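This report refers to the structure that appears directly beneath it.
Please treat every number below as a calculation from the coordinates, not as lab data. This one's a predicted model, so the numbers in the text were calculated from it and none came from an experiment. Note that each Cβ is placed from the backbone with ideal geometry, even for glycine, and that neighbours are counted across all protein chains shown.
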There are 2 protein chains.
Amino acid sequence: MFNNEMISVKTIGYVRTKARGSQVREKTMLSQIIIFNEYIKALEGIKDFSHIIVLFWLNKISSKDMLLKVHPRGRDDLPLLGIFATRSMFRPNPIGLTIVELIKVEKNKLTVRGLDAFDLTPVIDIKPYDFWDTKVGIKVPEWWKKLEKSKKT
Amino acid sequence: MFNNEMISVKTIGYVRTKARGSQVREKTMLSQIIIFNEYIKALEGIKDFSHIIVLFWLNKISSKDMLLKVHPRGRDDLPLLGIFATRSMFRPNPIGLTIVELIKVEKNKLTVRGLDAFDLTPVIDIKPYDFWDTKVGIKVPEWWKKLEKSKKT
C-alpha cells in the first residue's frame, strides 16, 4: 500500500568540520551547520535551547550499500544485529541522527559540539531537544555496554 | 552546491493506532509499527532496547504547507518562532521524530507507547535509543515550560 511511494527530501544546509576520518566521532569536537539563506528565519528562537537534534543525509552511502544485518562497528566479537537495532549508516534510508550541544548561533551558522558528520554532509532537519526526549531508566543490550567500554580503554 | 540535490526516501513500514485527532498526543497510548516483510531481519536485537527513536513521514502535510515561523500549537500567547525551534509539522521536510517505549516485538510488529503519529503514517527509520541520547542538564526556553504547564491543567 505504501511500498512504491516515493518521498523526496530537501537539503536545508550542510556541515562544516575540520575533523577527518574517525575524528568525527570525537564527542568534544566542534562543527558548524550552515543553513541556506532561505531558511534563516526558521532559526529564530533556537538559541534558547541548549541541545538540538540534527538529521543529516549520509550522502557517501549509496542504496546498494544497504544491509539488513551488521556487526556493530564491524566487530566480529559483537553479535550480528538487525540494522534497526544499530546506528549503522547502512540503513534503508541513510539518515543520520545526532543530539548535539548548541554552542552558538550567528545568522545562518550554528556551532555545535558532538556532531559525528563529515564535512559537507547535507542536513535535512533540525529540531529542538526537550524534556520529552530525555528518557530515564532506559535499558540497552550487553553488546552496547561492551562496545562503549572498549571505546574508553 | 547542494540546493538542487534530490534525496529520495523509502517507506519501511507504517503506523497502526486506534487514536484519532488529538488523542494521538496522549503519551500513554499504545500504537503498532508494522514493518514491511523485506525488512524483518533488520529488527533482530531491537527488543533488547527499552526505547527506540521513530522517524516518520507526515504525509498529510504538502510542501505548500511549509512555514518558516509559527506560534507553537497555534497559540498567540506564545512567541512567533522559527520552525526549527519547534516540533511543528510544517517544516521544510515533514519528518516526525518521537522517542517511544518499546513494549513488544512480534515478527514485523512493534508495539510502542507514546508515538504521536496518525494511523497509516509511513515510517522511514527506526533507531535504538541509547545513553548518548539522554542528555542531562538541558535548557529549554520559557515558552516551552509555559506550554507544558498549560497542557497539564
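Figures for the structure shown
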{"read-out": "Any hit, segment B:36-47, residues being aromatic (Phe, Trp, Tyr), surrounded by 22 or more Cβ atoms within 10 Å (Cβ to Cβ), at negative phi and facing chain A (nearest Cβ under 7 Å)", "value": "no"}
{"read-out": "Output for segment A:141-153, where each listed residue is more than 25 Å from A:Ser50 (Cα to Cα) and either of a type outside the set (Gly, Ala, Ser) or within 7 Å of another protein chain (Cβ to nearest Cβ) (or both)", "value": "A:Pro141, A:Glu142, A:Trp143, A:Trp144, A:Lys145, A:Lys146, A:Leu147, A:Lys149, A:Lys151, A:Lys152, A:Thr153"}
{"read-out": "Lone qualifier among B:Val70, B:Val100 - being touching a strand residue (DSSP E or B) at 6+ places or on another chain (Cβ under 7 Å) and in contact (Cβ under 8 Å) with a residue 24 or more places away in the chain", "value": "B:Val100"}
{"read-out": "Any chance A:Val136 is out of contact with any Leu (no Cβ under 6 Å at 6 or more places or on another chain) and crowded, with 17+ Cβ neighbours inside 10 Å", "value": "no"}
{"read-out": "Residue within segment B:102-110 that is within 11 Å of chain A (Cβ to nearest Cβ) and touching a His at 6+ places or on another chain (Cβ under 8 Å) present", "value": "yes"}
{"read-out": "Number of positions in segment A:4-25 that are touching a strand residue (DSSP E or B) at 6+ places or on another chain (Cβ under 6 Å) and more than 14 Å from chain B (Cβ to nearest Cβ)", "value": "1"}
{"read-out": "Of all residues in segment B:49-101 being basic (Lys, Arg), under 23 Å from B:Glu148 (Cβ atoms) and more than 10 Å from every other protein chain (Cβ to nearest Cβ), the one that is nearest to the chain's Cα centre (by Cα)", "value": "B:Arg73"}
{"read-out": "Total residues in segment A:117-140, condition more than 7 Å from chain B (Cβ to nearest Cβ) and in contact (Cβ under 8 Å) with a residue 40 or more places away in the chain", "value": "6"}
{"read-out": "Count - residues of segment B:53-89 that are part of a helix (DSSP H, G or I) and loosely packed, with under 15 Cβ neighbours inside 10 Å", "value": "5"}
{"read-out": "Condition met for B:Thr28 (more than 8 Å from every other protein chain (Cβ to nearest Cβ), of a type outside the set (D, E, K, R) and either under 22 Å from A:Met66 (Cβ atoms) or surrounded by 20 or more Cβ atoms within 10 Å (Cβ to Cβ) (or both))", "value": "no"}
{"read-out": "Test: B:Leu80 is more than 21 Å from A:Val9 (Cβ to Cβ) and either touching a residue at least 12 places away in the same chain (Cβ under 8 Å) or out of contact with any Leu (no Cβ under 6 Å at 6 or more places or on another chain) (or both)", "value": "yes"}
